[in-house]
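These notes are about the structure you will find just below.
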2 protein chains.
Amino acid sequence: MADKVGISRSGVALWRQVADQLRGAIDRGEFPPASKLPSEFEIGRQFGVNRHTARAAIAHLASEGLVQTRHGLGTIVTRSGRLSYPIRLRTRLSTGLSDQVASIISRLLGTQEREATPSIAAELGLRPGDSVLELETVSIAADRPISLATHWLDAGRFKGLADAFEATGSMTAAFRKFGIDDYIRRETSVLAEGAGEAELTHLDLPKGSIVLVATGTNTTLDGRVFHLTRTRFAADRIELRIEH
Amino acid sequence: MADKVGISRSGVALWRQVADQLRGAIDRGEFPPASKLPSEFEIGRQFGVNRHTARAAIAHLASEGLVQTRHGLGTIVTRSGRLSYPIRLRTRLSTGLSDQVASIISRLLGTQEREATPSIAAELGLRPGDSVLELETVSIAADRPISLATHWLDAGRFKGLADAFEATGSMTAAFRKFGIDDYIRRETSVLAEGAGEAELTHLDLPKGSIVLVATGTNTTLDGRVFHLTRTRFAADRIELRIEH
DNA sequence: TACAGTTGTCTAGATAAACAGACAAGTGAC
DNA sequence: GTCACTTGTCTGTTTATCTAGACAACTGTA
């Protein structure tokens, strides 16, 4: 064959499907922290796979730090899943997660000025061909990278924003240096997809991982859009909580 | 080996990773409808895989109806991606999608009464052990299933809701028969995970697919929670748009 | 100590995925 | 028609995944 992809050929290894299901179950609280997972044999039976396949799934969860296996004893759930990231009218990274995790830091990966694409120009209220500032940042919570974000802003207005961000480690703080003391999230789009090269690298993900992609539009209080952001979250480390 | 899962072993086939990346690119507008994809050879080169692997990825997208290959000509993008489902203070399925698709219908898959789990009882303001009504529904837009939802409500108050839903095909309409003319979405959580057995079946997905899981809390106008819902969307058919 | 139940490790074979190369066949431009 | 470029189809080979069975090693309990 070597060709032709039918519906039977899923393209996702069995052990990974089992691991993903187990992670979901742990996440939903079906296996709370400190509880025991069923035995390898039993998990294999439940999912209709060989014990060795179930074993590979468990090994994967162990490598994520979600469970711990103990020879002769069984597998114990060590922590339960995802951080919960609030998306609201005032969406701020550090304040949103500060009660769930000890440390959150953001780093600047790179910055450049480029000509605005038509869609970005339209959203930012610029003329096509105007210059936009593009920042690439990564956020790390409790020593694990959780999100990779691209930011777009009017290059003329926000000259030096990258330095301000690097100095403060916060977009909100950097905006303040440009006279924006408050801003509002007008809209956020969320989708899920397979991780690309950049996400694999900067979020330290294994190939084939899922990312949640949140595209946000921020406005000043007068309703003018000044900031577009496209944030990719490691799907197995976070959930988004929308508050109205 | 047959054991041990390292970072090199991703558990997701290469052709699927390529297909997912291409789908994302099409979705972001990098390949608009009617445009041509690069050749199989070129795609293989770009992703560092064999032409046959690239070919399998394209065949997969073709089976999804996203592209069409023509012998001697190339591969053409036939439609671009996802529906956009708005999540807002008043989140309603049919009104949210009606401008994007001709027909939306919802069907009842099943219903049962069961004892409330502690967490569901707490959210609905019931006593642990009280009886909750559980509905399972599927929604189909333009002949493709897009979401599978589980609903939880107070069984005492909403006796007969299943019939009302079946008669109207709408939760909003069914609620009206119970004196709820208006209701508000208080909170929504969004995460992404691998599809489980039920999702594969009812959303007609190939194994290993990704689902977006939105868990919502609806209240009456006086702020009392009366309805919990857990909706699973096929991630490659929809994005969620949060409006504040 | 004996035991049931668990994880750890090995061997072996079957199936699927991926790579590599070759050539046929369709298409549009010249 | 010729040409460059494309997809379609074939033959292999190599590597990864999954299954199967066996037995060792560890743990808590009787």
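The values are calculated or read from the model by the stated rules, or taken from the named source; none is laboratory data. It should be emphasised that the depicted structure is a prediction, and the values quoted were computed from it without experimental measurement. With ideal geometry, Cβ positions are generated from the backbone for all residues, glycine too; neighbour counts draw on all protein chains shown.
For this structure, a couple of remarks:
- The C-beta contact set for the range A:36-60 (first residue without any contact (Cβ under 8 Å) to a residue 60 or more places away in the chain, second residue more than 9 Å from DNA strand D (Cβ to nearest atom) and in a helix (DSSP H, G or I), distance under 6 angstrom, 6+ apart or interchain) comprises A:Arg51/A:Glu40; A:Arg51/A:Phe41; A:Ala54/A:Glu40; A:Ala54/A:Ile43; A:Arg55/A:Glu40; A:Ala57/A:Ala19; A:His60/A:Ala19.
- Being at the interface with another protein chain (Cβ under 10 Å from one of its Cβ atoms), within 14 Å of the chain's Cα centre (by Cα) and under 21 Å from A:Glu136 (Cβ atoms) is a condition met by at least one residue of the range A:215-225.
- Scanning the range B:167-214 for residues that are among the hydroxyl-bearing types (Ser, Thr, Tyr) and either under 18 Å from B:Val12 (Cα atoms) or within 11 Å of another protein chain (Cβ to nearest Cβ) (or both) gives B:Thr188, B:Ser189, B:Ser209.
- Given (1) surrounded by 15 or more Cβ atoms within 10 Å (Cβ to Cβ); (2) in contact with a strand residue (DSSP E or B) (Cβ under 6 Å, 6 or more places away or on another chain); (3) not in a strand (DSSP E or B), number of the condition A:Val132 does not satisfy: (3)
- Failed criterion for A:Val67 (all others in (1) within 16 Å of DNA strand C (Cβ to nearest atom); (2) surrounded by fewer than 20 Cβ atoms within 10 Å (Cβ to Cβ) hold): (2)
- Complete set of residues in the range B:178-206 that are crowded, with 17+ Cβ neighbours inside 10 Å and polar (S, T, N, Q): B:Thr188, B:Ser189
- Filter pass, B:Arg70 being among the basic types (Lys, Arg) and under 23 Å from the mean Cα position of the chain (by Cα): no
- Flag for B:Leu97 being touching a residue at least 12 places away in the same chain (Cβ under 8 Å), more than 9 Å from DNA strand D (Cβ to nearest atom) and at the interface with chain A (Cβ under 10 Å from one of its Cβ atoms): no
- Residue check for A:Leu153: within 14 Å of chain B (Cβ to nearest Cβ) and modelled with pLDDT of 95 or more: no
- Some residue of the range B:111-121 being under 16 Å from B:Thr168 (Cβ atoms) and modelled with pLDDT of 90 or more: yes
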